[in-house]
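Below is one structure, written out as structure tokens, with a few remarks after it.
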Amino acid sequence: MKVKEFLSEENGMGTVEVILIIVVLISLVLIFKNQITQIVNNIFKKIKSESGKV
């Protein structure tokens, strides 16, 4: 009976869920690393060029 109560209890997120979310986020960053780097570089280039106008 205690096992059913434990499995059906859903109070907050558990450690396993947090670890799974972190793993998914890290894998997404690794998969899209080149695209993320390119976007960040473009943003910094635009900031640098726009700051010269001020």
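To the nearest 10 square angstrom, how much accessible area does Ile21 have with a 1.4 angstrom probe?
80 Å²
Rounded to the nearest 10 Å², what accessible area does Leu20 show when all protein chains are kept and the probe is 1.4 Å?
100 Å²
Hey, if you put +1 on the Cβ of every Lys and Arg and -1 on every Asp and Glu Cβ in the chain, which of Leu30, Thr15, Ser49 ends up farthest toward the positive end of that dipole?
Ser49
Using only the alpha-carbon atoms, how far is helix 15-31 inclined from the longest principal axis of the chain? Give it as 0 to 90 degrees, nearest 10.
Approximately 30 degrees, to the nearest 10.
State the number of lysine pairs found in the chain whose Cα atoms come within less than 29 Å, restricting to pairs 8 or more positions apart or on distinct chains.
Value for the chain: 4.
State to the nearest 20 debye the size of the charge dipole of the chain about its Cα centre, where the only charges are +1 on K and R beta carbons and -1 on D and E beta carbons.
With Lys and Arg at +1 and Asp and Glu at -1, about 560 debye.
Test of understanding: express the Cα radius of gyration of the chain as a ratio to 2.2 N^0.38 Å, with N the residue count. Please report the intermediate quantities before stating the final value.
Numbers: Rg = 21.5 Å, N = 54, 2.2 N^0.38 = 10.0 Å.
Normalised Rg, Cα atoms only: 2.15.
Do the sum for the chain: with -39,500 (n - 2.57) for every DSSP H run of n ≥ 4, divided by all residues, what is the mean residue ellipticity at 222 nm, to the nearest 500 deg cm²/dmol?
Estimated from H runs of four or more residues: -26000 deg cm²/dmol.
Can you give the angle from 0 to 90° between the axis of helix 33-51 and the longest principal axis of the chain, with both taken from C-alpha atoms, to the nearest 10?
Helix 33-51 sits at roughly 40 degrees to that axis.
The values are calculated or read from the model by the stated rules, or taken from the named source; none is laboratory data. All of these numbers come straight from a predicted model, not from anything done at the bench. Every residue, glycine as well, gets a Cβ built from its backbone with ideal geometry; the counts of neighbours run over all protein chains shown. For the accessible areas, the whole protein counts, side chains as well, though only heavy atoms, and no ligand, DNA or RNA atoms are used. Shrake-Rupley method; radii C 1.70, N 1.55, O 1.52, S 1.80 Å.
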